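Structure provided below as structure tokens; questions to follow.
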Amino acid sequence: MRYHVLTLFPEMVLAGLHTSIIGRAADRGIISLNAVNIRDYADNDYGKIDDYPYGGGAGMVMQAEPVYRAYEAVADSLEKKPRVLHMTPQGRVFSQEMAQELALEEDLIFLCGHYEGIDERVLEEIVTDHVSIGDYVLTGGELPAMVMIDAISRMVPGVLNNKESAQFDSFQNGLLEYPQYSRPQEWHGRRVPEILLSGHHANVEAWRAQQSYLRTKERRPDLLKQDNHKNIM
Ligand code: SAM
């Protein structure tokens, strides 16, 4: 998987994704991260890429041409036309299901806005998906792109090892994951559920499935109304 992030803050994206599991996957060549500075495509010597909005109003708007040129620099180097994901609070809300679907692509371009956003005309010309990470407004698209890259990478074969497997994670089967415990067996007077110490694999699995369902019912009953849980009891 090759990620290309069009941004005004490439150092933020690179620094944020070069640690732990995602950083190791990049070091091993399973994923790659190309952060492209949109300012490098400004049509002036001082790297100005924003201007006042037509019609008035607060803030500045990122201009179409530098964004388009940054996009072209990436897209022209690829064999196949890639999906271009525009980070925007006005998009479809990102989900585990989308992460799984996007992990099948070879290249993904993330377009990060800033200020009041990006001139609509270039969005119409290059964007294939408008994606939001939730119903709130951030200052820029860099954190959303990083959130998505992290979640998508976990779905790319080879990024997680067996110990880190995503198979039982929350949302993989439409439910939240069961509670987890580690040593010691007793902490602050709270004991690990006896069944987890029993060594009886089938009983442990049944308990976990039940806990997964109960937890979902308590914390996210909306998920049970959706038609995508395969393990429901
Ligand atoms: N004026 C825009 C609006 O009301 O829809 C918001 C612009 S926001 C201050 C600046 C940039 O942050 C956006 O262009 C987008 O790239 C990013 N952004 C903010 N919130 C986001 C969210 N929830 N999901 C994805 N991107 C977001």
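Say we look at the stretch 33-76 and pick out the residues that are acidic (Asp, Glu) and within 25 Å of the chain's Cα centre (by Cα); which of these is farthest from GLU125 (Cα to Cα)?
Taking the candidates together, the pick is ASP76.
Okay, next question. Of (1) open to solvent by 40 Å² or more (accessible area, probe 1.4 Å); (2) more than 30 Å from ALA209 (Cα to Cα); (3) touching a strand residue (DSSP E or B) at 6+ places or on another chain (Cβ under 8 Å); (4) not aromatic (Phe, Trp, Tyr), GLU120 satisfies all except one. Which?
Failing condition for GLU120: (3).
Output the number of residues of the stretch 132-170 satisfying the condition of being closer than 30 Å to PRO10 by Cβ, away from the ligand (no atom under 16 Å from the Cβ) and hydrophobic (A, V, I, L, M, F, W, C).
5
Within the set of pairs 6 or more residues apart or between chains, which connect a residue that is closer than 14 Å to ASP40 by Cα and among the polar types (S, T, N, Q) inside the stretch 56-68 to a residue that is open to solvent by 20 Å² or more (accessible area, probe 1.4 Å) and assigned to a loop (DSSP other than H, G, I, E, B) with Cβ atoms less than 6 Å apart?
The qualifying pairs are GLN63/ASP119.
In addition: Within the stretch 145-157, restricting attention to residues that are part of a loop (DSSP other than H, G, I, E, B) and open to solvent by 30 Å² or more (accessible area, probe 1.4 Å), which residue is farthest from ASP27 (Cα to Cα)?
MET155
Then there's this: Please enumerate the residues belonging to the stretch 26-66 that are among the hydroxyl-bearing types (Ser, Thr, Tyr) and surrounded by fewer than 17 Cβ atoms within 10 Å (Cβ to Cβ).
Hits for the stretch 26-66 are SER32, TYR46, TYR52, TYR54.
Can you report the number of residues in the stretch 158-174 which are under 19 Å from ALA26 (Cα atoms) and either among the aromatic types (Phe, Trp, Tyr) or under 16 Å from the mean Cα position of the chain (by Cα) (or both)? Before you say what the answer is, go through the steps one by one.
Within the stretch 158-174, the subset under 19 Å from ALA26 (Cα atoms) is 158-166.
Still in the running and either among the aromatic types (Phe, Trp, Tyr) or under 16 Å from the mean Cα position of the chain (by Cα) (or both): 159-160, 166.
Number satisfying all stated conditions: 3.
Could you tell me how many of the residues in the stretch 1-47 are part of a helix (DSSP H, G or I), within 22 Å of HIS86 (Cβ to Cβ) and hydroxyl-bearing (Ser, Thr, Tyr)?
Qualifying residue count, the stretch 1-47: 1.
Report the residue count in the stretch 60-109 for those that are within 16 Å of the ligand (Cβ to nearest atom) and touching a Pro at 6+ places or on another chain (Cβ under 8 Å).
Total satisfying the criteria: 6.
Yes/no matrix, rows are residues, columns are (1) assigned to a strand (DSSP E or B); (2) β-branched (Val, Ile, Thr); (3) in contact with a helix residue (DSSP H, G or I) (Cβ under 7 Å, 6 or more places away or on another chain); (4) at pLDDT 95 or above:
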position	(1), (2), (3), (4)
GLY55	no, no, no, yes
ARG69	no, no, yes, yes
MET87	yes, no, yes, yes
GLU105	no, no, no, yes
PHE110	yes, no, yes, yes
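Could you list, in sequence order, the residues of the stretch 75-116 that are open to solvent by 20 Å² or more (accessible area, probe 1.4 Å), of a type in the set (D, E, K, R) and touching a His at 6+ places or on another chain (Cβ under 8 Å)?
Answer for the stretch 75-116, where residues must be open to solvent by 20 Å² or more (accessible area, probe 1.4 Å), of a type in the set (D, E, K, R) and touching a His at 6+ places or on another chain (Cβ under 8 Å): just ARG92.
The values are calculated or read from the model by the stated rules, or taken from the named source; none is laboratory data. These numbers were taken from a predicted model, which means no experiment stands behind them. Cβ coordinates were reconstructed from backbone atoms using ideal geometry, including for glycine residues, and neighbour counts include every protein chain displayed. Quick note on the areas: whole protein, heavy atoms, side chains included, nothing else; ligands and nucleic acids left out. Shrake-Rupley method; radii C 1.70, N 1.55, O 1.52, S 1.80 Å.
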